[in-house]
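Notes to accompany the following structure.
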Amino acid sequence: MKRIIHVIALLTIPALASIMCSATFADSPLRSPEAMVALRARAVAGEIAAIAELGATLQNDKDQANDIEGRDLLIKAVDAGWWPSAYFLAQSYLYGWSDWARLDGEANFSEGLKWLRHAGEIAPPDAVAQDVYRLLGQIYSGFPVKGTMWPDTPVDEAEATKWYRLCALELDPFCEWQLGRLLIKSPESAVEGVKWLLSAANAGHEYPMSALAELYETGTVLKKDLEKAVIWRERSTRWGVTVSGRTEFEARARNKIAELSKQLTPEQLARAMEIAGQFKPSTPGWH
């Protein structure tokens with residue numbers, strides 16, 4: 001059965017962005033024969049956006065006979081510098097969404113990674129390409145992608161840092177957290193790492209909050225301060241949008257708070273809880 005690709009990127013033209021975000025293309029105006037004829041005419045005339053749009057439309061329709069043409073049009077768009085089409089191709093290979101994207105019946109990871117890197121490399125500085133950068137960072141850091149761990153994942157923290165940094169510059173809290181996590185491993189980059197953790201924590205992400213708490217608790221990178229450790233642990237229990245494993249996360253945080261509280265005076269503990277309760281994330285509702 002043909003797999004409908006839901007989202008490939010935030011594109012640079014509203015019409016194509018709308019199509020790429022469509023769940024099934026069923027209501028797309030491009031489903032009409034007249035619209036398809038007009039789109040083909042624009043593509044034949046060499047309009048790169050139309051070539052990319054036509055390729056994505058053919059790839060996402062229900063007729064498998066159109067898949068190869070759609071793939072070839074996407075490649076043509078990439079050759080002209082259209083980075084979202086490279087991301088489209090990357091996902092097709094990584095997840096095995098089309099017959100041509102599979103190798104021996106399985107998703108073709110190495111080919112997908114090649115296209116994904118290409119998308120990241122040709123995306124211009126002003127592109128909204130954090131989805132590409134984030135996925136590259138996850139792959140190179142060995143971080144599961146929606147529960148998926150590809151075989152022979154080339155864990156390379158230098159590469160992961162490179163791509164997470166590009167993603168973090170787009171103010172993506174997840175990438176800020178991951179970048180900070182990697183940077184604090186080295187004394188030379190630890191200070192910068194703390195800054196990224198703080199940025200993600202202040203956005204309301206519970207995991208960098210927990211990471212900061214641990215740094216204050218252990219005295220590694222940051223000066224040991226159990227009161228601040230409790231503050232960040234408590235904040236992590238009140239904020240955050242992680243759905244998976246939230247109950248377990250809160251239980252661990254509560255146990256740690258109880259453990260640290262024994263080492264604080266009642267005044268210190270009360271102050272920590274008051275400060276924690278005053279926290280408001282800088283970007284509420286991010287996900």
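Would you check if Phe88 is in a helix (DSSP H, G or I), among the aromatic types (Phe, Trp, Tyr) and either in contact with a helix residue (DSSP H, G or I) (Cβ under 8 Å, 6 or more places away or on another chain) or closer than 20 Å to Ile51 by Cα (or both)? When the stated conditions are applied, Phe88 passes them. Only one entry in Ala229, Ala190, Ala201, Ala129 is of a type outside the set (S, T, N, Q), closer than 22 Å to Leu94 by Cβ and in contact (Cβ under 8 Å) with a residue 12 or more places away in the chain, namely Ala129. Residues considered: Ala213, Ala168, Ala160. Of these, the only one that is over 16 Å from the mean Cα position of the chain (by Cα), among the hydrophobic types (A, V, I, L, M, F, W, C) and modelled with pLDDT of 95 or more is Ala213. Of all residue pairs spaced 6 or more apart or on separate chains, those with beta-carbon atoms under 8 Å, a first member in segment 98-122 that is among the β-branched types (Val, Ile, Thr) and a second member that is assigned to a loop (DSSP other than H, G, I, E, B) are Ile122/Gly81.
When we screen Trp150, Trp115 for residues that are in the same structural domain as Gly96 (by TED's automatic domain parsing), in contact with a helix residue (DSSP H, G or I) (Cβ under 7 Å, 6 or more places away or on another chain) and under 20 Å from Ala86 (Cα atoms), the only hit is Trp115. Only one of the numbered conditions (1) more than 27 Å from Arg238 (Cβ to Cβ); (2) modelled with pLDDT under 95 is not met by Phe143, and that is (1).
Of the set (1) over 18 Å from the mean Cα position of the chain (by Cα); (2) over 29 Å from Ala270 (Cβ atoms); (3) of a type outside the set (S, T, N, Q), all apply to Gly219 but (2). Residue selection: Glu159 fails the criterion of being closer than 20 Å to Ala211 by Cα and in a helix (DSSP H, G or I).
The values are calculated or read from the model by the stated rules, or taken from the named source; none is laboratory data. Keep in mind that what you see is a predicted model, and the values were worked out from it rather than measured. Note that each Cβ is placed from the backbone with ideal geometry, even for glycine, and that neighbours are counted across all protein chains shown.
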